[in-house]
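As structure tokens, the structure follows; a few thoughts come after it.
The values are calculated or read from the model by the stated rules, or taken from the named source; none is laboratory data. Here the structure is a predicted model, which means the values were calculated and not measured. Glycine also receives a Cβ, built like all others from the backbone with ideal geometry; neighbour counts cover every protein chain displayed.
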Amino acid sequence: MGASQPLVESDHHVHLYGCLTAQDLWQLGKDPCKRDEGLLAWYAQKYLEAWGVRPRVEEYWSHPEGASLLQGDYEMRQPGNFEQFQACFNLIIALVPKNPSDISVLQKVLARVRSYGLVFFEPRITFPLRWSKHQAYQCLDAYAHYLGSSKKSSKPEVKWMLSLPRDLKYAALHLSWLEQWCVERGTSEKIAGVDIAFDERGCPPSVFKTFLQERLLPARQRYGWQLTYHVGEEFSDKSMWSAIRWVYQSWELGWTRLGHCTALGVNPQLRYGQSYTEPWQERVTHLRWLLQHHVELHREGFVLELAEVRHQLKRLLQSPGQPVVSTYLDKDVLRLRLFQRAVARMLRRREVVIESCPSSNYRIGGVILPQDHPLAFFTRFQLHTVWGTDDPGVFATDWHHEARHIAEIKRAVASIYLPAGYGETNVF
Ligand SMILES: [Zn+2]
């Protein structure tokens, strides 16, 4: 690796099971006695729905080219949407060991991380919804025993996070198991914090407001945990305007680290000409938020026509329930960039940390060129950013590839899209 390329020393956003390679999955499914045919049929059906092609799953382990077939289906090497990503990830769900005490995946992944030379690794794990408290404890005990037995000086230093589902009932249950386990075992060592992952569509940050304030913030005080939140990654359920606002609102509520925030940084020109539909309630919330924050937005260079915003809000309130259908035109692209810039400046002053995932954003964020990547924008506007591979197995990447992406994106920072008249001297 050339001296000009940054070495990725830490991975701060990575899902443990998403590290499994196609070859790992093929090996896991090799023994027919260990395969769950029902789960594989579910994977095949979901894959067909997302990609429009049925995977030849019955040939993965019977055909001479089966391993290549599996690899072709599992690895998402071209840009796609979140459903397509999830359809690939479902193969992991179908094949991983079902015994909660099984730490073979952790061992395998850490061996790889060690050979690369990372100094810090922060994998996220999750409890399947079908697990009981006893099974969750078996998993926590196994992780604590394995990670606790490694020498303090050995690299990488590993601290893991628990990813909670978007479903509040399960999120509360899984958090309570984790906290009870910490109390009963008298340790929270090796736990970096708690994350909210999974599909964010239809789940505005306000859904977690009470849970965050009553459960997570006290846990942070007790254990010093990071509270991380996947947001602004997938916004096909609303406008890019609202997706940018969701990023800011997540910080406002108290999350300490925000995952992806693609909407905040991606070049809005990529959306030019595309149509979107925004639910009525989302648009009402957005217009009210703009009115509440217009002074700060103005100070950061985003000027609102207040009379126009009030007029739009009044019209919406007169016809409740009607979704807003619109298209991103030239003026929207320009205004979106100014809105991104204003919100970035507001966040920068509050020292929020964004977890940026280069390959993941290329594949799911519809980004082609490095200057359009959210990380280029975050770098230009000096937001505090850490990096992650997210699901390197699905995205067919590793830390070498990510280091190259990061170097390429940083070289492209000067070329990011900024509206005319908002050049270098006016940026800050
Ligand atoms: Zn993630």
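Residues of region 6-56 being of a type in the set (V, I, T) and either within 16 Å of the ligand (Cβ to nearest atom) or under 26 Å from L106 (Cβ atoms) (or both), which ones? Walk me through it before giving the result.
Within region 6-56, the first condition is being of a type in the set (V, I, T), and the residues that meet it are 8, 14, 21, 53.
Across region 6-56, the qualifying residues are V8, V14, T21.
Need the failing condition index for L227 against (1) under 24 Å from L369 (Cβ atoms); (2) touching a Phe, Trp or Tyr at 6+ places or on another chain (Cβ under 9 Å), just the number.
(1)
Which condition does R54 not pass, out of (1) assigned to a helix (DSSP H, G or I); (2) of a type outside the set (S, T, N, Q); (3) surrounded by fewer than 20 Cβ atoms within 10 Å (Cβ to Cβ); (4) at pLDDT 95 or above, if it passes all the others?
(1)
I'd like the residue in region 207-221 that is among the charged types (D, E, K, R) and in contact (Cβ under 8 Å) with a residue 24 or more places away in the chain and, out of all such residues, is nearest to V353 (Cα to Cα). Before you say what the answer is, go through the steps one by one.
The first filter runs over region 207-221 and keeps only residues among the charged types (D, E, K, R), leaving 209, 214-215, 220.
Okay, now just the ones that are also in contact (Cβ under 8 Å) with a residue 24 or more places away in the chain, so 209, 215, 220.
Working: K209: 19, R215: 21, R220: 16 Å.
If we take residues in region 207-221 being among the charged types (D, E, K, R) and in contact (Cβ under 8 Å) with a residue 24 or more places away in the chain, then R220 is nearest to V353 (Cα to Cα).
Can you confirm whether F89 is of a type in the set (A, V, I, L, M, F, W, C), touching a residue at least 60 places away in the same chain (Cβ under 8 Å) and under 30 Å from K34 (Cα atoms)?
Judged against the criteria, F89 is a match.
For the condition out of contact with any Ser or Thr (no Cβ under 9 Å at 6 or more places or on another chain) and touching a residue at least 12 places away in the same chain (Cβ under 8 Å), what is the one hit in K169, K190, K238? Before the answer, list the steps.
Numbers: K169 fails: touching a residue at least 12 places away in the same chain (Cβ under 8 Å); K238 fails: out of contact with any Ser or Thr (no Cβ under 9 Å at 6 or more places or on another chain).
Criteria check complete, one pass: K190.
Just to be sure before I move on: is K190 of a type outside the set (S, T, Y) and modelled with pLDDT under 95 in the structure I sent? Explain how you work it out, then say what you get.
Working: of a type outside the set (S, T, Y): yes; modelled with pLDDT under 95: yes.
It is true that K190 is of a type outside the set (S, T, Y) and modelled with pLDDT under 95.
Return the total of residues in region 290-314 being over 13 Å from A342 (Cβ atoms) and surrounded by 11 or more Cβ atoms within 10 Å (Cβ to Cβ). Break it down into steps so the answer makes sense when it comes.
Step one: filter region 290-314 for residues over 13 Å from A342 (Cβ atoms), giving 291-292, 305-314.
Filter once more, so that each one left must be surrounded by 11 or more Cβ atoms within 10 Å (Cβ to Cβ): 291, 306, 309-313.
So the answer is 7.
Here is a list: F127, F120. Which entry is in contact with an Asp or Glu (Cβ under 9 Å, 6 or more places away or on another chain) and among the aromatic types (F, W, Y)? Lay out the reasoning, then the answer.
Working: F127 fails: in contact with an Asp or Glu (Cβ under 9 Å, 6 or more places away or on another chain).
Going through F127, F120 in turn, the sole match is F120.
Identify all residues within region 368-386 that are buried (at least 24 other Cβ atoms within 10 Å of the Cβ) and either among the aliphatic types (A, V, I, L, M) or within 16 Å of the ligand (Cβ to nearest atom) (or both); write none if there are none.
Listed by number, the residues that qualify are P374, L375, A376.
Identify all residues within region 196-210 that are under 28 Å from F120 (Cβ atoms) and more than 15 Å from the chain's Cα centre (by Cα); write none if there are none.
F208
Starting from residues that are in a helix (DSSP H, G or I) and polar (S, T, N, Q), keep the ones in region 144-195 and report whichever is nearest to R124 (Cα to Cα). Walk me through how you get there before you give the answer.
Filtering region 144-195 for residues in a helix (DSSP H, G or I) gives 144-149, 168-185.
Those still in the list that are polar (S, T, N, Q) too: 149, 176, 180.
Working: S149: 20, S176: 17, Q180: 19 Å.
It comes out as S176.
Mind telling me which of the residues W160, W131 ends up being in contact with a Cys (Cβ under 9 Å, 6 or more places away or on another chain) and over 23 Å from Y74 (Cβ atoms)? Please lay out each step first, then the result.
Working: W160 fails: in contact with a Cys (Cβ under 9 Å, 6 or more places away or on another chain).
Criteria check complete, one pass: W131.
I'd like to verify a number: residues in region 259-274 that are within 15 Å of the ligand (Cβ to nearest atom) and at positive phi, how many?
2
Checking A414 against (1) under 24 Å from Q86 (Cα atoms); (2) modelled with pLDDT under 95: exactly one of these is not met. Which one?
(1)
Name the helices (runs of 4 or more DSSP H) wholly inside region 267-378 in which the number of residues that are free of Cβ contacts under 8 Å to residues at least 60 places away in the same chain is 3 or more.
Numbers: elements: 280-299, 306-318, 330-348, 358-364.
Ranges flagged: 280-299, 306-318, 330-348.
Among the candidates V367, V353, which residue alone is out of contact with any helix residue (DSSP H, G or I) (no Cβ under 9 Å at 6 or more places or on another chain) and under 30 Å from E75 (Cα atoms)? Lay out the reasoning, then the answer.
Details: V367 fails: out of contact with any helix residue (DSSP H, G or I) (no Cβ under 9 Å at 6 or more places or on another chain).
Only one candidate passes the filter, namely V353.
Conditions (1) within 16 Å of the ligand (Cβ to nearest atom); (2) surrounded by fewer than 24 Cβ atoms within 10 Å (Cβ to Cβ); (3) modelled with pLDDT of 95 or more, marked per residue:
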position: Y223; (1), (2), (3): no, yes, yes
position: V231; (1), (2), (3): yes, no, yes
position: R245; (1), (2), (3): no, no, yes
position: R257; (1), (2), (3): yes, yes, yes
